[in-house]
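Accompanying notes for the structure given below.
The values are calculated or read from the model by the stated rules, or taken from the named source; none is laboratory data. Remember, it's a predicted structure, so these values are computed and weren't measured experimentally. Cβ: placed from backbone, ideal geometry, glycine included. Neighbour counts: every protein chain shown.
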Amino acid sequence: MEFLRPESLGEALAARAAHPEAVPLAGGTDVMVELNFARRRPAALLDLTRVGELTGWHADGGTVRVGAGVTYAELTGERASGGQTALGRLLPGLAMAARTVGSPQIRNRGTIGGNLGSASPAGDCHPVLLASGASVEAASVRGRRQVPIDDFFTGVKRNALAPDELITAVLVPAPGGPEQFAKIGTRNAMVIAVAAFAIVLDPVRRRVGTGIGSAAPTPVRAVAAERLLAGALAGDGLWESRGPLPEQVVTEFGQAVSAAASPIDDVRGTAGYRKQALAVLASRTLGWAWRDYRAAGQQAGRG
């Protein structure tokens, strides 16, 4: 097995073009498991840990550009001394999802680019990125392009990258309202999701975003549920009044999210259980997000 270790993004893209069969390696939390269990024997590994251009983040014009090498630990925004970093405050949905990933050791190594590259239906960051309307920045020696997150996942553990491309960043719209994420598994920590769900409420754009994980061949949005809720919030004047959500709206939203899933039976859960769990997760996260939205309005009124 050949081991390629570029020192810059230019070197990495050149190596990727010369060795399209090479498997990119960042945190190694997915790749090394496959190697250890002999599920994969690539001809080459492309180690990206020395490519500084893939790290860091910055906000520009309402969009947050998160480098592909940013780790889950950085996404959570947790400081060793307590409190949150600016990234954790700026992208709370991603921070919530990142906190549910594995152990502290995994969160210190695993990266958002690696999570996207593996394209697992159960990837914890994927539902939030779908709900946020993010884009994936891909680069090759031919140039750069942006792939809307809706078009990125093409099948089970397959993505829209060309053989000579690498993920360089994720472009996430800065949230204009509350975000929530929740998943269910066989235990509370260090577990692959049986089902996961994310919701984003954007009162400025009058937009509702959703993302479903671990309940279809790819991570998916619940488009009909988004339209149902956005219509109810606009039609009843709830965006402006921030009044209580009608119970019927919450129930119908959960049912619409469940209907958007196409899960299978596997060792972690049945298809029926996943659909039921998604209805509950959707209703609960909507309740939490709406609570945050109402609280923000009350705080603004007092200010």
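Restricting segment 31-48 to residues that are crowded, with 16+ Cβ neighbours inside 10 Å and not hydrophobic (A, V, I, L, M, F, W, C), the residue that is farthest from M96 (Cα to Cα) is P42. Do we find a residue being crowded, with 19+ Cβ neighbours inside 10 Å and in the same structural domain as A230 (by TED's automatic domain parsing) anywhere in segment 295-303? Within segment 295-303, not a single residue is crowded, with 19+ Cβ neighbours inside 10 Å and in the same structural domain as A230 (by TED's automatic domain parsing). Just a yes or no: is a residue in segment 75-84 farther than 21 Å from T218 by Cα, among the aliphatic types (A, V, I, L, M) and surrounded by 22 or more Cβ atoms within 10 Å (Cβ to Cβ)? For segment 75-84, residues farther than 21 Å from T218 by Cα, among the aliphatic types (A, V, I, L, M) and surrounded by 22 or more Cβ atoms within 10 Å (Cβ to Cβ): present. The helices (runs of 4 or more DSSP H) located wholly in segment 209-303 that include 3 or more residues which are among the β-branched types (V, I, T) occupy 247-260.
For segment 17-77, give me every one of the strands (runs of 3 or more DSSP E) that falls completely inside it and has 1 or more residues that are in contact with a Ser or Thr (Cβ under 9 Å, 6 or more places away or on another chain). Even if it seems obvious, please write down each step before you answer.
Values: elements: 23-25, 44-47, 57-60, 63-67.
Answer list for segment 17-77: 23-25, 63-67.
For segment 260-303, the set of residues classified as under 16 Å from G176 (Cα atoms) and either touching a helix residue (DSSP H, G or I) at 6+ places or on another chain (Cβ under 7 Å) or of a type in the set (K, R) (or both) consists of L286, R291, R294, listed by residue number. Of all residues in segment 104-137, exactly one satisfies the criterion of being surrounded by fewer than 23 Cβ atoms within 10 Å (Cβ to Cβ), closer than 15 Å to L171 by Cα and free of Cβ contacts under 8 Å to residues at least 60 places away in the same chain, namely S135.
Within segment 140-163, is there a residue that is surrounded by fewer than 19 Cβ atoms within 10 Å (Cβ to Cβ), at pLDDT 95 or above and in contact with a Gly (Cβ under 7 Å, 6 or more places away or on another chain)? Taking every residue of segment 140-163 in turn, none turns out to be surrounded by fewer than 19 Cβ atoms within 10 Å (Cβ to Cβ), at pLDDT 95 or above and in contact with a Gly (Cβ under 7 Å, 6 or more places away or on another chain). In summary, D124 fulfils each of the numbered conditions (1) touching a Lys or Arg at 6+ places or on another chain (Cβ under 9 Å); (2) more than 23 Å from A193 (Cα to Cα) with the single exception of condition (2). Within the span defined as segment 222-230, one or more residues are touching a residue at least 24 places away in the same chain (Cβ under 8 Å), surrounded by fewer than 18 Cβ atoms within 10 Å (Cβ to Cβ) and either touching a strand residue (DSSP E or B) at 6+ places or on another chain (Cβ under 7 Å) or closer than 27 Å to A119 by Cα (or both).
Among residues of segment 63-91 that are in the same structural domain as V51 (by TED's automatic domain parsing) and of a type in the set (D, E, K, R), those with a beta-carbon under 6 Å from a residue that is outside any loop (DSSP other than H, G, I, E, B) and modelled with pLDDT of 90 or more at least six positions away or on a different chain give the pairs R65/H58; R65/A169; R65/L171. Sub-8 Å Cβ pairs linking a first residue in segment 29-50 that is of a type in the set (G, A, S) to a second residue that is surrounded by 13 or more Cβ atoms within 10 Å (Cβ to Cβ), at least 6 apart or interchain, are A43/H19; A43/A22; A44/L4; A44/H19; A44/A22; A44/V23, ordered by first then second residue.
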